[in-house]
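Computed from the coordinates by the stated procedures, all read-outs in this text should not be read as laboratory data. Quick caveat, the model's predicted, so the values are computed rather than measured. All Cβ positions, even for glycine, are placed from backbone atoms using ideal geometry, and neighbour counts span all protein chains on display.
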Amino acid sequence: NAGVTQTPKFRILKIGQSMTLQCAQDMNHNYMYWYRQDPGMGLKLIYYSVGAGITDKGEVPNGYNVSRSTTEDFPLRLELAAPSQTSVYFCASSDGQGLNQPQHFGDGTRLSIL
Amino acid sequence: GDSVTQMEGPVTLSEEAFLTINCTYTATGYPSLFWYVQYPGEGLQLLLKATKADDKGSNKGFEATYRKETTSFHLEKGSVQVSDSAVYFCALSDTGAGSYQLTFGKGTKLSVIP
């Protein structure tokens with residue numbers, strides 16, 4: 001069972017470069033999420049999607065963009081990388097049929113901006 | 001807004017010791033409560049959950065009881081093992097959010113020594 005798959009696992013960017021973090025899930029979940037995890041700060045929600053074609057901002061959306069053209073994929077785009085975006089990024093999905101449905105997480109992408 | 005506060009770590013215990021990690025929350029609606037665990041280099045995994053007051057979630061020897069009167073969801077285990085070394089996150093999902101977003105605590109790092 002693949003679950004939630006994130007690529008790449010590691011990436012180093014220079015300031016001002018752009019990149020896309022990929023996320024795919026094979027559980028047919030409607031809800032998908034992007035979080036960033038900074039040391040000692042827990043997880044902060046960047047963007048989320050409740051279904052194909054629908055996205056919305058979370059707590060810390062500045063500097064990021066997302067799209068949801070299919071149920072399976074939810075890529076996260078960094079347009080102009082800044083040192084403040086150095087973090088570990090996690091994608092998650094859930095069935096979304098009730099608030100007691102757990103979220104399933106990928107293994108994360110560790111991103112460094114130098 | 002919603003928030004989750006959990007005890008700061010790191011916590012270091014000897015094998016077979018009793019574990020308690022405190023978690024309290026504030027929420028506008030009627031939240032579901034979760035504990036997630038993150039092993040080194042991996043994403044978060046659901047450990048246990050409780051969806052209404054007085055529910056007890058349990059898994060792998062861990063337990064937590066949803067206490068509405070004290071707005072708490074403390075994690076306990078009677079006898080920890082070295083393999084329990086990980087970071088533990090308390091989280092809630094609130095009806096008021098409308099998107100089944102999770103609000104996380106900052107995490108508590110547990111180290112169990114032989």
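Figures for the structure shown
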item: Stokes-Einstein D in µm²/s, Kirkwood radius over Cα pairs - the protein assembly as shown at 37 °C with 0.692 mPa s viscosity; result: 182
item: Efficiency of FRET between A:THR5 and B:VAL82 - r from beta-carbon atoms, R0 30 angstrom, step 0.05; result: 0.55
item: For A:THR109, net neighbour charge (Lys/Arg +1, Asp/Glu -1) across residues whose Cβ lies under 11 Å away; result: +3
item: Electrostatic dipole magnitude of the protein assembly as shown [Cβ: Lys, Arg +1; Asp, Glu -1; Cα centre; debye, to 20]; result: 460
item: nm² value of the averaged projected area, convex hull over the Cα atoms of chain A; result: 6.8
item: Pairwise label distance in nanometres, A:ASP56 with B:GLN45, each label 7 Å out on the Cα-Cβ vector; result: 3.1
item: Positive-end extreme of charge dipole, chain A - chosen from A:CYS91, A:GLY58, A:LEU78 (charges on Cβ); result: A:LEU78
item: Total formal charge among the other residues, if their Cβ is under 10 angstrom from that of A:ALA24, Lys/Arg +1 and Asp/Glu -1; result: -3
item: Cα-projected label distance for A:SER112 with A:ASP73, points at 7 Å along beta-carbon direction, nm; result: 2.9
item: Qualifying aspartates and glutamates (Cα of each under 16 Å from Cα of B:LYS77; at least 8 residues distant if same chain); result: B:GLU15, B:GLU16, B:GLU63
item: Column: log10 I(q)/I(0), Debye, Cα scatterers of the stretch B:1-44, q = 0.18, 0.30, 0.34 Å⁻¹; result: -0.77, -1.19, -1.23
item: Projected area averaged over orientations for the stretch B:1-112, convex hull of C-alpha atoms, nm²; result: 6.5
item: For the stretch B:51-114, size of Cβ-based charge dipole, Lys and Arg +1, Asp and Glu -1, in debye; result: 120
item: Sequence-distant lysines (8 or more away, or on other chains) whose Cα lies within less than 16 Å of B:LYS52; result: B:LYS68
